[in-house]
1. Would you mind ranking VAL27, VAL32, VAL20, VAL74 so that the residue whose beta carbon has the fewest other beta carbons within 10 Å leads the list?
2. For ALA19 paired with ALA41, estimate the spin-label separation in nm (one decimal), with each label point 7 Å from Cα along the Cα-to-Cβ line.
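We did not get these values from a lab; they are worked out from the coordinates using the rules stated. Just so we're clear, the structure is a prediction, and the values are computed from it rather than from any experiment. For neighbour counting, all protein chains shown are included, and Cβ atoms are generated from backbone atoms with ideal geometry for every residue, glycine included.
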Amino acid sequence: MGMGTSIFLIAIGAILAFAVKVETEGVNLNTVGMILLIVGAMGAVLSMIFWSSWGGFGGSRVVEGRSTGRRTVVEEEI
């Protein structure tokens, strides 16, 4: 689940939990909203944790004195 999906779930959950005042039989929309809020928040946290482990934008990491960043090798023909 990406950040966009997490933010979408948080927004829909907040609307259902705090803005909708409907009573239905069998389904409590406030509870569904809270569940979506929690799932969205967990997805956002996990996305941020895994984003840093995958490298994100740019940057390089140093492991045992070696750079593990991306390099471009250009060979010129004469």
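1. Sorted ascending by nearby Cβ count, the order is VAL74, VAL27, VAL20, VAL32.
2. Reported label-point gap for ALA19 and ALA41 is 1.9 nm.
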